[in-house]
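No lab work stands behind these numbers, since they all come straight from the coordinates. Everything quoted here is computed from the prediction, not taken from an experiment. Counting neighbours? That spans all protein chains shown, and the Cβs are built from the backbone with ideal geometry, glycine included.
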Amino acid sequence: MPDHPSVSWRKRYYPKANVAYRVDSILTVAEFIRLGLGVGIIPLFLAQNYPDLVQLTDVLDECQTELWLLAHQESRHLRRVSAVYGHLSQTIVLE
């Protein structure tokens, strides 16, 4: 079984890193990085919330993904659903 992209990235750029913690929450990864407890991979839209973080490499092609927003046909035109879609489209930077 191939390594997860974050493990491959770490092995490629930090082969001597001593891994002490592994977590499955991207928010925990971001907080650990912010606190100076290590390096890791987080989405660009999440990294925008941490202006003190430094991007160490280019965007990783193997970590690219699509985001789908779904709503029932009957409810997608409701004001509250439209507000959520509007907020997400302004908050999440799509490249």
Can you confirm whether segment 1-22 contains a residue that is among the aromatic types (Phe, Trp, Tyr), outside any loop (DSSP other than H, G, I, E, B) and within 26 Å of residue 91 (Cα to Cα)?
no
Conditions: (1) under 12 Å from the mean Cα position of the chain (by Cα); (2) hydrophobic (A, V, I, L, M, F, W, C); (3) assigned to a loop (DSSP other than H, G, I, E, B). Residue 45 meets all but one. Number of the miss?
(3)
For segment 29-59, what are the residues that are surrounded by 13 or more Cβ atoms within 10 Å (Cβ to Cβ) and closer than 13 Å to residue 9 by Cα?
39, 40, 41, 42
Mind checking which residues of segment 65-83 are within 29 Å of residue 23 (Cα to Cα) and surrounded by 10 or more Cβ atoms within 10 Å (Cβ to Cβ)?
69
